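The values are calculated or read from the model by the stated rules, or taken from the named source; none is laboratory data. Remember, it's a predicted structure, so these values are computed and weren't measured experimentally. Backbone-built Cβ (ideal geometry, glycine too); neighbour counts: all protein chains shown.
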Amino acid sequence: MARLGIAFSGGPRPSEIVDCVKLAEDLGYDSAWMAEGHGGDQFAVLAGCAMATSTIQLGTAISSVFVRSAPTIAMAAASVDDLSRGRFILGLGSSHKVQVEPEHGVAYGKPIARLRDAVAIIRALLRDGEVQHDGETVRIENFDLWFAPQRGDIPIYVAAVFPKMMAVCGEIADGIILTRSTLDTAAQVRQRLAEGAGRTGRDPGRIAVTSLLPTAVADSRQDALDRLRPGLAFYAGFFPRYNRLIAEHGFAEEAATVAAAWRRGDRAAAAGAVTDAMIDATSIVGTPEQCRDQLDAYRRSGIDLPIISPFIRGTDARTGFEAVIRACAPD
């Protein structure tokens, strides 16, 4: 069966997400992933999923190394892993300055160093039950766990957008979490992973390549495209890092137009500047058959695990998520 993940970044309530993950497990999905953002506490939601399922893997995509302390992340990861009987994957990332500082009141700086410190602390704490760490961005005098983790080697995946962090994934991560990839992305990523892995004597072939892919399924392809336009406008308009990513995918002029409209506060113009080609290049979009074909194309391109990520809001978000989960279910 082809591997497929499902991601949640808001929309359904926490209890509804649990029900959606149960459905995904029944339909053969490999994994379910919970974002941090504003959609509910990711570890609490995944704990609920752990108690309601038995086979599907559960992961964070991603947990920010800035808004939670490293020991707190380690304890949460070990807790969900225990409740799920060893089905948890810890996805970490540096998040974005435009979120971390104004939304959480936390200073943002040296994201790669912060990520390295967090991974080192979490790995030591899970493995040894205690940690002392004097890093570039984090100093821990001593922290010890008062319970024994079920696994001392919980897989750690790291989110990366650009080459420098991709190489860091090659050095320290068990997997990489990409977002809004194109069909050309995997080949470039594997080269960067190999560079990083070579620096630490690791086998890059053992590093899982995953990608979050915005997804909309509808009876008509045009309707599906229109559903994803506001989400891409938000990402390219609000996040400088994602604006650069879209530009580097070959849409520099369009990305600049979206960003300018967003800065003016004109959300409609920002969405209107998102072209069908921009959505097609970075998303799973169309009828159920078209979406399944696109997922197969991503697998052939070198993505080990495509993760569909519906952008659905409103009071009936659960119904929308369930429809996408059913439509894209692996064969």
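Filtering segment 76-96 down to residues that are touching a helix residue (DSSP H, G or I) at 6+ places or on another chain (Cβ under 8 Å) and part of a helix (DSSP H, G or I), which residue is surrounded by the fewest Cβ atoms within 10 Å (Cβ to Cβ)?
Among those residues, the one meeting the criterion is Leu83.
Any residue at all in segment 190-208 that is out of contact with any His (no Cβ under 9 Å at 6 or more places or on another chain) and within 14 Å of Ala281 (Cβ to Cβ)?
Within segment 190-208 (the criterion being out of contact with any His (no Cβ under 9 Å at 6 or more places or on another chain) and within 14 Å of Ala281 (Cβ to Cβ)), the answer is no, since none of the residues qualifies.
Going by the conditions given, is Ser31 in contact with a Ser or Thr (Cβ under 8 Å, 6 or more places away or on another chain), buried (at least 17 other Cβ atoms within 10 Å of the Cβ) and in contact (Cβ under 8 Å) with a residue 40 or more places away in the chain?
For Ser31, the condition - in contact with a Ser or Thr (Cβ under 8 Å, 6 or more places away or on another chain), buried (at least 17 other Cβ atoms within 10 Å of the Cβ) and in contact (Cβ under 8 Å) with a residue 40 or more places away in the chain - is not met.
Take the residues in segment 9-21 that are farther than 14 Å from Ala323 by Cα and touching a helix residue (DSSP H, G or I) at 6+ places or on another chain (Cβ under 6 Å), then tell me which one is surrounded by the most Cβ atoms within 10 Å (Cβ to Cβ).
Here the answer is Val18.
Within the set of pairs 6+ apart or on separate chains, which have a first residue in segment 94-117 that is free of Cβ contacts under 8 Å to residues at least 12 places away in the same chain, a second that is assigned to a helix (DSSP H, G or I) and surrounded by fewer than 19 Cβ atoms within 10 Å (Cβ to Cβ), and C-beta atoms under 8 Å apart?
Close Cβ pairs (under 8 Å, with a partner that is assigned to a helix (DSSP H, G or I) and surrounded by fewer than 19 Cβ atoms within 10 Å (Cβ to Cβ)) amount to Ala107/Glu101.
Any idea which of (1) exposed (fewer than 15 other Cβ atoms within 10 Å of the Cβ); (2) touching a helix residue (DSSP H, G or I) at 6+ places or on another chain (Cβ under 6 Å); (3) among the hydrophobic types (A, V, I, L, M, F, W, C) is the one Phe162 doesn't satisfy?
(2)
Given the criterion in a loop (DSSP other than H, G, I, E, B), in contact with a strand residue (DSSP E or B) (Cβ under 9 Å, 6 or more places away or on another chain) and of a type outside the set (Ser, Thr, Tyr), identify the matching residue among Gly59, Gly10, Gly28, Gly40.
Gly40
If I filter segment 297-305 for residues that are assigned by TED's automatic domain parsing to the domain that holds Asp19, loosely packed, with under 14 Cβ neighbours inside 10 Å and farther than 21 Å from Gly59 by Cβ, do I get at least one hit?
yes
Considering only segment 120-132, how many residues are surrounded by fewer than 21 Cβ atoms within 10 Å (Cβ to Cβ) and either hydrophobic (A, V, I, L, M, F, W, C) or touching a residue at least 40 places away in the same chain (Cβ under 8 Å) (or both)?
The qualifying residues number 2.
State all residues of segment 180-222 that are within 16 Å of the chain's Cα centre (by Cα), within 14 Å of Gln294 (Cβ to Cβ) and part of a loop (DSSP other than H, G, I, E, B); if no residue qualifies, say none.
Once the filter is applied, which keeps residues that are within 16 Å of the chain's Cα centre (by Cα), within 14 Å of Gln294 (Cβ to Cβ) and part of a loop (DSSP other than H, G, I, E, B), segment 180-222 yields Arg180, Ser181, Thr182.
Does segment 156-167 include one or more residues that are among the hydrophobic types (A, V, I, L, M, F, W, C), touching a residue at least 24 places away in the same chain (Cβ under 8 Å) and more than 16 Å from Leu92 (Cα to Cα)?
No, segment 156-167 has no match at all.
Would you check which residues across segment 274-307 are among the aliphatic types (A, V, I, L, M) and not in a helix (DSSP H, G or I) and list them?
Passing the criteria: Val274, Ile284, Val285, Ile303, Leu305, Ile307.
What's the number of the condition Phe239 fails, among (1) within 21 Å of Val65 (Cβ to Cβ); (2) crowded, with 22+ Cβ neighbours inside 10 Å?
Every listed condition holds for Phe239 apart from (2).
Can you tell me which condition Gln294 does not meet? The list is (1) under 20 Å from the mean Cα position of the chain (by Cα); (2) surrounded by fewer than 24 Cβ atoms within 10 Å (Cβ to Cβ); (3) in contact (Cβ under 8 Å) with a residue 24 or more places away in the chain, and all the others hold.
Among (1) under 20 Å from the mean Cα position of the chain (by Cα); (2) surrounded by fewer than 24 Cβ atoms within 10 Å (Cβ to Cβ); (3) in contact (Cβ under 8 Å) with a residue 24 or more places away in the chain, the lone unmet condition for Gln294 is (3).
For (1) over 21 Å from Arg221 (Cβ atoms); (2) in contact (Cβ under 8 Å) with a residue 12 or more places away in the chain, each residue gets a yes or a no:
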position: His249; (1), (2): no, yes
position: Ala252; (1), (2): yes, no
position: Met278; (1), (2): no, yes
position: Val285; (1), (2): no, yes
position: Leu305; (1), (2): yes, yes
position: Phe321; (1), (2): no, yes
position: Pro330; (1), (2): yes, yes
